[in-house]
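The values are calculated or read from the model by the stated rules, or taken from the named source; none is laboratory data. Here the structure is a predicted model, which means the values were calculated and not measured. With ideal geometry, Cβ positions are generated from the backbone for all residues, glycine too; neighbour counts draw on all protein chains shown.
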Amino acid sequence: MRVTIEILTKCTSPERGITSERSLDHIVSMFFACFFFLFKAKCALKNLRIKTTHTGSEFRIIGLSEDTCYSQTFQIKRKNGNGGSDTVEEVTVFEYYRKNWKIDLKGSAHFPCLNVGKPKRPTYIPLELCHLVPLQRYKKALSTLQRSTLVERSRQNPQERMFVLSGVLRDSDYNSVPMLRECGISIAQEFTQVAARVLPAPKLKSGDGEDIFARNGRWNFNKNRLIQPKRVQRWVVVNFSAQCNAHHLAQRLIHCGNLKGLPVDPEDHVFQERSHMGRERAETRVNDMFQQLLSGDKPSFVLCVLPERKNCDIYGPWKRMCLVKYGIVTQCLAPTKINDQYLTNVLLKINAKLGGLNSLLQIERNQAIPLLSKTPTIILGMDVSHGSPGRDDVPSVAAVVSSLEWPLISKYKASVCTQSPRLEMIDSLFKLVGNEDHVIIRESLMDFYNSSRGHKPEKKNHFQRWG
């Protein structure tokens with residue numbers, strides 16, 4: 001009897017950041033506006049390989065010189081023509097290349113040099129004489145704009161991806177490889193057909209008792225009220241955008257909230273960014289805004305208007321300052337066109353962050369969820385996110401969500417903690433302090449018990465994202 005074994009192979013087209021062959025003086029000139037960007041240039045270029053235009057040699061960058069080519073000096077030995085001992089002369093990089101290589105440095109004379117030598121024996125090469133070696137995998141953290149561009153270019157619909165992968169299989173022609181034929185291995189050129197089914201979109205219940213049906217994968221709340229609206233009070237607006245009328249935006253938000261049954265008090269204050277701060281670093285702009293914000297009473301909610309919708313450097317520092325340092329609920333937005341649909345989506349986020357409930361599943365309201373509605377059950381979801389490639393010094397962030405108010409499953413709490421870099425196991429789920437556990441799982445169980453009228457969970461459903 002002949003046994004046939006089938007092996008399924010996952011084919012994909014991974015996207016990575018790689019370097020292109022470009023002149024380094026053009027790249028580095030963009031970094032030298034101030035000392036902060038000079039530091040970023042050193043980090044970005046370290047360990048990349050370059051090729052020199054005057055010798056064709058390849059080197060690995062270990063850093064940048066402390067001074068510019070015009071001022072940076074190094075020692076060179078000169079032979080004594082009278083047969084005496086060699087003399088040591090100190091010359092600048094600029095003079096060395098002009099005398100020894102007949103090269104007049106122009107574009108990079110006032111920029112630092114690349115150091116391609118050793119820590120104790122540096123070798124300096126001017127930027128304009130170097131090109132990056134192409135197709136090097138870039139493992140360090142990408143900027144906001146670079147990440148956005150990479151995501152945009154790697155996004156493919158299923159038909160496009162299937163066409164690309166089919167071309168790879170066809171061009172590779174694995175079945176003509178002698179070793180595979182000798183081993184009796186053949187590789188099919190067609191994709192494997194897998195039986196599947198499309199689940200119907202769940203029906204939702206709004207606060208006015210109406211059913212909300214999905215259309216093209218979306219639910220429209222524009223004409224519906226919320227299940228449990230949470231009053232927005234003691235709130236302020238901070239405006240980083242010179243193009244947005246923050247006062248008008250706040251009035252529109254209040255009006256839209258009243259239509260949804262979400263009471264929004266008048267804003268306490270609108271803080272405008274100082275005009276001279278627009279060209280400063282993102283962290284500096286955020287710190288300056290918080291000095292204004294904390295000059296009065298601490299608000300319970302902050303609406304933040306960003307200067308641009310995509311690739312905004314303020315977003316990360318602002319979120320860290322609000323959520324991590326001061327514990328203030330915040331919602332960021334960068335409106336290019338304000339309408340009721342846009343403001344409704346913003347209010348849904350705000351209500352959820354303040355502890356409200358936007359909608360319920362229809363079967364959840366009818367207490368008809370199999371295995372869950374009849375038996376007290378807690379649902380847990382977990383995930384761990386890591387720093388960007390090359391940032392091994394950045395802590396990993398673990399997040400756990402747990403359901404509340406059984407028999408509901410749409411109400412939940414979130415817990416976030418940091419842990420050692422690249423650690424996949426969440427080490428804060430259980431941790432004994434004396435004879436008691438005082439970390440995430442215990443807190444989730446106690447919150448479930450207190451919010452579910454004294455019911456203890458008899459079952460636990462656990463979902464963890466992987467990959």
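From the residues in the stretch 430-467 that are among the small types (G, A, S) and loosely packed, with under 14 Cβ neighbours inside 10 Å, which one is nearest to T418 (Cα to Cα)? Looking at the filtered set, the residue picked out is G467. Within the stretch 395-425, restricting attention to residues that are among the hydrophobic types (A, V, I, L, M, F, W, C) and within 21 Å of R320 (Cα to Cα), the residue that is surrounded by the fewest Cβ atoms within 10 Å (Cβ to Cβ) is A414.
The set of residues in the stretch 299-347 being out of contact with any Cys (no Cβ under 7 Å at 6 or more places or on another chain) and β-branched (V, I, T) consists of I314, V324, V329, T336, I338, V346.
What number of residues within the stretch 104-159 are of a type in the set (A, V, I, L, M), closer than 20 Å to N47 by Cβ and assigned to a loop (DSSP other than H, G, I, E, B)? Matching residues across the stretch 104-159 total 5. Once the stretch 373-394 is narrowed to residues that are assigned to a strand (DSSP E or B) and without any contact (Cβ under 8 Å) to a residue 60 or more places away in the chain, the residue that is surrounded by the fewest Cβ atoms within 10 Å (Cβ to Cβ) is S385.
Checked against (1) hydrophobic (A, V, I, L, M, F, W, C); (2) out of contact with any strand residue (DSSP E or B) (no Cβ under 9 Å at 6 or more places or on another chain); (3) in contact (Cβ under 8 Å) with a residue 24 or more places away in the chain, L199 meets all criteria but (3). Considering only the stretch 406-448, state which residues are among the acidic types (D, E) and either assigned to a helix (DSSP H, G or I) or under 30 Å from S359 (Cα atoms) (or both). E443, D447 - these are the residues of the stretch 406-448 that are among the acidic types (D, E) and either assigned to a helix (DSSP H, G or I) or under 30 Å from S359 (Cα atoms) (or both). The residues of the stretch 176-202 that are of a type outside the set (V, I, T), more than 32 Å from the chain's Cα centre (by Cα) and surrounded by 13 or more Cβ atoms within 10 Å (Cβ to Cβ) amount to a single one, L180.
Assess whether I50 counts as being under 28 Å from the mean Cα position of the chain (by Cα), among the β-branched types (V, I, T), at pLDDT 90 or above and in the same structural domain as G117 (by TED's automatic domain parsing). Judged against the criteria, I50 is not a match. Scan the stretch 360-372 for residues that are closer than 21 Å to K456 by Cα and either of a type in the set (G, A, S) or in a strand (DSSP E or B) (or both) and the total you get is 1.
This table checks each residue for (1) touching a strand residue (DSSP E or B) at 6+ places or on another chain (Cβ under 6 Å); (2) surrounded by 13 or more Cβ atoms within 10 Å (Cβ to Cβ); (3) of a type outside the set (V, I, T); (4) over 30 Å from M277 (Cα atoms).
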{"site": "A214", "(1), (2), (3), (4)": "no, yes, yes, yes"}
{"site": "W219", "(1), (2), (3), (4)": "yes, yes, yes, yes"}
{"site": "K223", "(1), (2), (3), (4)": "no, yes, yes, yes"}
{"site": "I227", "(1), (2), (3), (4)": "yes, yes, no, yes"}
{"site": "V232", "(1), (2), (3), (4)": "yes, yes, no, no"}
{"site": "N245", "(1), (2), (3), (4)": "no, yes, yes, no"}
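For the stretch 59-101, give me each residue that is assigned to a strand (DSSP E or B) and acidic (D, E). Selection gives E66, D67, E89, E90.
Exactly one residue out of L142, L150, L64, L114 is surrounded by 10 or more Cβ atoms within 10 Å (Cβ to Cβ), under 28 Å from D392 (Cα atoms), in contact with a Pro (Cβ under 6 Å, 6 or more places away or on another chain) and among the hydrophobic types (A, V, I, L, M, F, W, C): that is L64. Scanning the stretch 420-467 for residues that are among the small types (G, A, S) and either closer than 19 Å to H386 by Cα or not assigned by TED's automatic domain parsing to the domain that holds E405 (or both) yields a count of 3.
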